[in-house]
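Chemist: Pasting in a structure now, in structure tokens, and then I'll have a few things to ask.
The values are calculated or read from the model by the stated rules, or taken from the named source; none is laboratory data. Given the structure is predicted, the values throughout are model-derived calculations rather than measurements. Here Cβ is always computed from backbone atoms with ideal geometry, including for glycine, and neighbour counts include all displayed protein chains. Accessible surface areas use protein heavy atoms only, side chains included; no ligands, DNA or RNA. Shrake-Rupley method; radii C 1.70, N 1.55, O 1.52, S 1.80 Å.
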Amino acid sequence: MLNKEVHVIVLGRNYADEISAIRALGVAGCTVDLIASVQNKDGASVSAASKYVHKTVELVHKMGKEDQDEAAAELVEELLKHKNLNGPKPVIFPTDDYTVSVVDHHRSELEPYFLLPSIVGGGDGSMVHLMNKTVQAQMAQTAGLSVPREWTFDLSEEIVVPADMVFPCICKRMDSETGYESEMAVCEDEAEFLEHMNRLRRRSADRMTLVQEFLHVD
């Protein structure tokens, strides 16, 4: 069992993701603080109520792509308040794609003071690069794995259906830290696809989205 000298800062923006990490770390004997990025005050009240949480900070801001730079700066500023210059480095434990991306993009700023998730030889943004689904598909192909056909769309432009596109298809976020899981959808035909894509454009057009051949796999 770990001891209370291990200080872990859990980052999250969805209590369903963070609360299991909080419990596991608390049971292991860590001192757990929570920094939650929420859209509304008390949005982290469920996680904050855990008996394993020592202290909670809520950062309230919008979650749109246009708000991400300001929100990320606020999160990094708050993290730096928790640095320990006279003892062991606290551990940063992001629990969702968004908080992983913030930590990864600001790695050089945070690494002197914290223990961070990382990949071998990685620098700022290296983990986020590998979170890109087209990069993952290319790596899978290089490894000899079969992957579904895919197409990419810029939501800031008019959506034109390519001649080689097949249905049904599945629409996904291009990068894991942008958009929401609820924006994923299986479209059975062209009309359904265009309706969904235009819905995404109305929500936030400054991004790319990925569309893949939908495979019926048992």
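Chemist: Tell me which residues, restricted to the stretch 21-56, are touching a residue at least 60 places away in the same chain (Cβ under 8 Å) and either closer than 17 Å to Asp97 by Cα or basic (Lys, Arg) (or both).
Modeler: The answer is Ala21, Ser37.
Chemist: If you don't mind, another one. Mind counting the residues in the stretch 123-176 that are more than 15 Å from Arg207 (Cα to Cα), open to solvent by 30 Å² or more (accessible area, probe 1.4 Å) and of a type outside the set (A, V, I, L, M)?
Modeler: Qualifying residue count for the region: 15.
Chemist: If Val32 satisfies all but one of (1) of a type in the set (A, V, I, L, M, F, W, C); (2) over 22 Å from His105 (Cα atoms); (3) within 18 Å of the chain's Cα centre (by Cα), what's the number of the condition it fails?
Modeler: Every listed condition holds for Val32 apart from (3).
Chemist: Is it the case, given these coordinates, that Asp96 is open to solvent by less than 50 Å² (accessible area, probe 1.4 Å) and free of Cβ contacts under 8 Å to residues at least 12 places away in the same chain?
Modeler: When the stated conditions are applied, Asp96 does not pass them.
Chemist: Please work out which residue is modelled with the lowest pLDDT, limiting yourself to the stretch 1-49 and to residues that are in a loop (DSSP other than H, G, I, E, B) and crowded, with 17+ Cβ neighbours inside 10 Å.
Modeler: The selected residue is Asn14.
Chemist: Quick one: in the stretch 99-121, of everything that is of a type in the set (Gly, Ala, Ser) and farther than 18 Å from Glu70 by Cβ, which residue is surrounded by the most Cβ atoms within 10 Å (Cβ to Cβ)?
Modeler: Ser118
Chemist: Continuing with the same structure: Write out, first by first residue and then by second, each pair whose Cβ atoms fall under 6 Å of each other, whose residues are 6+ apart or on separate chains, and whose first residue, in the stretch 200-212, is in contact (Cβ under 8 Å) with a residue 12 or more places away in the chain while the second is of a type in the set (Asp, Glu) and open to solvent by 40 Å² or more (accessible area, probe 1.4 Å).
Modeler: From residues that are in contact (Cβ under 8 Å) with a residue 12 or more places away in the chain, the pairs are Met208/Asp154; Gln212/Glu150.
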